[in-house]
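The values are calculated or read from the model by the stated rules, or taken from the named source; none is laboratory data. Note that this is a predicted model, so its numbers are computed, not measured. Ideal geometry is used to build each Cβ from the backbone, glycine not excepted, and the neighbour counts take in all protein chains shown. Each accessible area value is taken on the protein alone, full model and side chains, heavy atoms only, with ligands, DNA and RNA left out. Shrake-Rupley method; radii C 1.70, N 1.55, O 1.52, S 1.80 Å.
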Amino acid sequence: MTDSGEDDRERAPSVEAAAFDGGDIYAPDGSVRSDFLMHVGAAIADRDMLFLRRHVANLHESEMGDLLEAIQPEQRRALVSLLGDEFDLAALTEVDEAIRLDIVEHLPNEQIAAAIGGMESDDAVYILEDLDQEDQDEILSKLPFTERIRLRRSLDYPESTAGRRMRSEFVAVPPFWTIGQTIDYMREDEDLPDSFTEIFVIDPTFRLVGVVDLDRVLRSKRDIKVETVMRQTSHPIPALMDQEEAAQLFEQYDLLSAAVVDENGRLVGVLTIDDVVDVIQEEAEEDLMRLGGVGDEELSDTVLETSRSRVPWLLVNLFTAAIAASVISIFEATIEEIVALAILMPIVAGMGGNAGSQTMTVTVRALATRNLDIHNAWRVVRREAGVGLLNGVLCGTLIGCVAGLWFHDANIGGIIATAMLINMMAAALAGIMIPLVLDRVGADPAVSSTVFVTAVTDTTGFFSFLGLATWWFAIH
């Protein structure tokens, strides 16, 4: 990165930037204020360091992340370059992966190493994990030995595990220490984390034996031993546990932090609630995207990258749509004879598809949160079948009356009402059974369910409606 020069750093504020009144950078709707973006853009273009230092450099990392996502790519790189060492690299943990990589690729490894050295280990790992192995090794080689070992250990754990998410900085003491020794240690040791709420108790082999809450330490007398006030930590998290399962433990037991242990029960890190909140948000977004047949897609992706992530499931949908179309072709003669069928049959398939999507969404989410399992599955299946029957009767009766009056033919009304009932029942059962079966065989129901549920509702809807019409008018 080239230095912008002393003149650029001390340049007087531009007219546009000088007009900015400061204050909250967010508009009432939660987006970054347009006037702030305008002033930041003007300051970047004019290399106005006074404005950038006063109004941008001191933003919270989440605010800086929102700003980086709101401005243009060229402005992002220029902003980071102008701020230099004043840019907080932790802000990159708040942006899309594509934006993070774009910025990091334009930074020298020396600057990244210097910034990471002052970051919490979980944030440092979040940035390092997206880099090439060669860049990782070069950056790590510039860090102190202890810090390098900590980060390398976290990076060695698989992606999306508790070990990758954990914070390597924690406070641990032996059980035979007194409360006074523990307090003195926390006051004198300069390598302790900036903030913590628990002190872990370990044996000589670093195996976790208990935990002491910080408030309990402050309320105990100095001569009391730690082992007398510690409590058993009943929910240590294995380092190889999936991050979503770890988040569920936090939710179930209302945890603020939890010890992370290796396969031998040795303490290797701590997982905190702020990281778990990020995990919950990421997993919820991932499930939502997959339900829509979208892969690992971000708003900052290019047209080609976005298209590549969506095409595979569109092709699968095209295949299932062809199956539904082949069902319609079987009843071509009936449709030619009774034109009303062509007008009404999309209603049956569409209503079935909506009903199936409702059940499928609830089921996939219940599977993801472990609220649906083998013990209550059949009860939920019976409930959804009942819901499908009731909704089929209600919707079928309504559309049957409308169709009968519309085409002045009670036969048409009765046929579509019956077909609606059949398809709503099929949709309800498909919406719950397909995700359950996919989950049972090890497939991700969030990814695969939509296309199969749609195929069932379309095929069943067309076949039941056209089949009933063909049979009814054949016998009459």
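Can you give me the distance in nm between label points at Gln72 and Ser141, each placed 7 Å from the Cα along the Cα-to-Cβ direction?
It works out to 3.8 nm between the two label points.
Set the Förster radius R0 to 51 Å, insert the Cβ-Cβ distance between Asp132 and His476 as r into 1/(1 + (r/R0)^6), and round the FRET efficiency to 0.05.
Using R0 = 51 Å, I get an efficiency of 0.10.
Counting only the heavy atoms of the protein chains, how much of Thr450 is accessible to a 1.4 Å probe, in Å² to the nearest 10?
40 Å²
Given 0.36 nm per residue, what is the gain on full extension from Leu314 to Leu405 after removing their alpha carbon distance, in nm?
In short, 29.0 nm is gained.
On a C-alpha basis, how far is the centre of region 318-334 from the centre of region 75-137 in Å? Whole number, if you could?
Rounded to whole Å, the Cα centres lie 53 Å apart.
In nm, to one decimal, how far is the modelled label at Ile374 from the one at Asp191, with both set 7 Å along Cα→Cβ?
Result: 4.8 nm between the two label points.
What FRET efficiency do you get for Ser329 and Ser34 if R0 is 56 Å and r is their Cβ-Cβ distance, rounded to the nearest 0.05?
0.55
Pairing the Cα long axis of helix 61-70 with the longest principal axis of the chain, what angle in degrees results, from 0 to 90 and rounded to the nearest 10?
That works out to roughly 50 degrees.
To the nearest 10 degrees, how steeply does helix 410-440 sit against the main Cα axis of the chain, on a 0 to 90 scale?
Approximately 30 degrees, to the nearest ten.
Given Cβ point charges of +1 (Lys, Arg) and -1 (Asp, Glu) and nothing else, what value in debye, to the nearest 20, does the dipole of region 76-207 about its Cα centre take?
For this selection, approximately 380 debye.
Suppose accessible area is computed on protein heavy atoms with a 1.4 Å probe; arrange Trp177, Trp406 from highest to lowest. Intermediate results must be reported in sequence, preceding the final value.
Values: Trp177 60, Trp406 140 Å².
If we order Trp177, Trp406 from most to least accessible, we get Trp406, Trp177.
Nearest 0.05, what FRET efficiency do Glu227 and Asn264 give at R0 = 22 Å with Cβ-Cβ as r?
0.55
By its C-alpha gyration tensor, with a ≥ b ≥ c as the square roots of the eigenvalues, how is region 25-162 shaped: rounded for a/c under 1.5, else prolate for a/b larger than b/c, else oblate? Intermediate values should be presented prior to the final figure.
On the way: a/c = 2.35, a/b = 1.82, b/c = 1.29.
Prolate.
Classify the chain as rounded, prolate or oblate from the Cα gyration tensor: take a ≥ b ≥ c as the square roots of its eigenvalues, call it rounded if a/c is under 1.5, otherwise prolate when a/b beats b/c and oblate if not.
In terms of gyration-tensor shape, oblate.
At a probe size of 1.4 Å, how large is the accessible area of Ser220, to the nearest 10 Å²?
Spelled out: Ser220, probe radius 1.4 Å, area about 20 Å².
If each of His60 and Leu398 carries a label point 7 Å out from its Cα toward its Cβ, how far apart are those two points in nm?
Output for this residue pair reads 4.4 nm.
By how many degrees, between 0 and 90 and to the nearest 10, does the Cα long axis of helix 445-475 differ from the longest principal axis of the chain?
The angle comes out at about 10 degrees.
Enter the accessible area per residue of the chain (Å², integer; probe 1.4 Å; all protein chains in place).
Working: 24690 Å² over 476 residues.
For the chain, the per-residue accessible area is 52 Å².
So what is the relative contact order for the chain, in percent, with contacts set as C-alpha pairs under 8 Å and at least six apart?
Working: 645 pairs, mean separation 48.0, N = 476.
For the chain, the relative contact order is 10 percent.
Want the number for Leu218 to Ile183: 0.36 nm per residue separation, take away the alpha-carbon distance, what's left?
Going from the current span to full extension adds 11.8 nm.
Work through the residues other than Arg231 whose Cβ is under 12 Å from its Cβ and net out their charges, Lys, Arg +1 and Asp, Glu -1.
Taking every other residue near Arg231 into account, the sum is -2.
Charges at C-beta only: +1 for Lys and Arg, -1 for Asp and Glu. How large is the resulting dipole of the chain about its Cα centre, in Debye rounded to 20?
My answer is approximately 2520 debye.
If each residue of separation counts as 0.36 nm, what is the full-extension length gain between Ala113 and Val277 once their alpha-carbon separation is subtracted?
Numbers: separation 164, 0.36 × 164 = 59.04 nm, distance 2.69 nm.
Net length gain for the segment: 56.4 nm.
So how do Lys142, Lys221 rank on accessible area, 1.4 Å probe, biggest first, that is with the largest at the start?
Details: Lys142 95, Lys221 145 Å².
The ranking, largest first, comes out as Lys221, Lys142.
Leaving out ligands, DNA and RNA, what percent of the accessible area of the chain is carbon and sulfur, probe 1.4 Å?
The nonpolar share, carbon plus sulfur, comes to 56 percent.
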